[in-house]
Amino acid sequence: MLERLTGWLGLNRRRKPRIERPGLTLTIERRAYETFDWGMSGFRVAAFKRQVKVGETIQGQINEFRGSDGGSFNATVVRLTDDGGFGACWSEIDRDIYTAMSGSGGG
């Protein structure tokens, strides 16, 4: 109900759907983070180990996922969250992991 209401009011401006399960595990700065939601345009993590700024580039690895060996990514921080995390948009993803992700309904 809340999802419909926010969509109707225009509060959710995402053009592509987000996926909660299965989650992605991202390794950023030698620490693993589970995504809260992710899609083909971006992801969100909580309780990041340091403060980040909007516009900052984050680099890391996406762990094995749906038959893929995983791969590297670059993403740009687009918003900060109250739980000490951030939302980011992918800017580069290795082809193998991108293909695996796109088969998950995040299209």
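The values are calculated or read from the model by the stated rules, or taken from the named source; none is laboratory data. From a predicted model like this one, the values you see are computed outputs, not experimental measurements. Glycine also receives a Cβ, built like all others from the backbone with ideal geometry; neighbour counts cover every protein chain displayed. The protein model used for the area step is the full one, side chains on, heavy atoms only, and it has no ligands, DNA or RNA in it. Shrake-Rupley method; radii C 1.70, N 1.55, O 1.52, S 1.80 Å.
Suppose we filter segment 68-107 for residues that are outside any strand (DSSP E or B) and among the hydroxyl-bearing types (Ser, Thr, Tyr); how many remain?
Result for segment 68-107: 5.
Would you pick out the residues in segment 47-60 that are farther than 11 Å from LEU80 by Cα and either hydroxyl-bearing (Ser, Thr, Tyr) or open to solvent by 90 Å² or more (accessible area, probe 1.4 Å) (or both)?
THR57, GLN59
When segment 48-98 is examined, which residues are found to be polar (S, T, N, Q) and either at pLDDT below 95 or within 13 Å of LEU26 (Cβ to Cβ) (or both)?
Listed by number, the residues that qualify are GLN59, GLN61, ASN63, SER68, SER72, ASN74.
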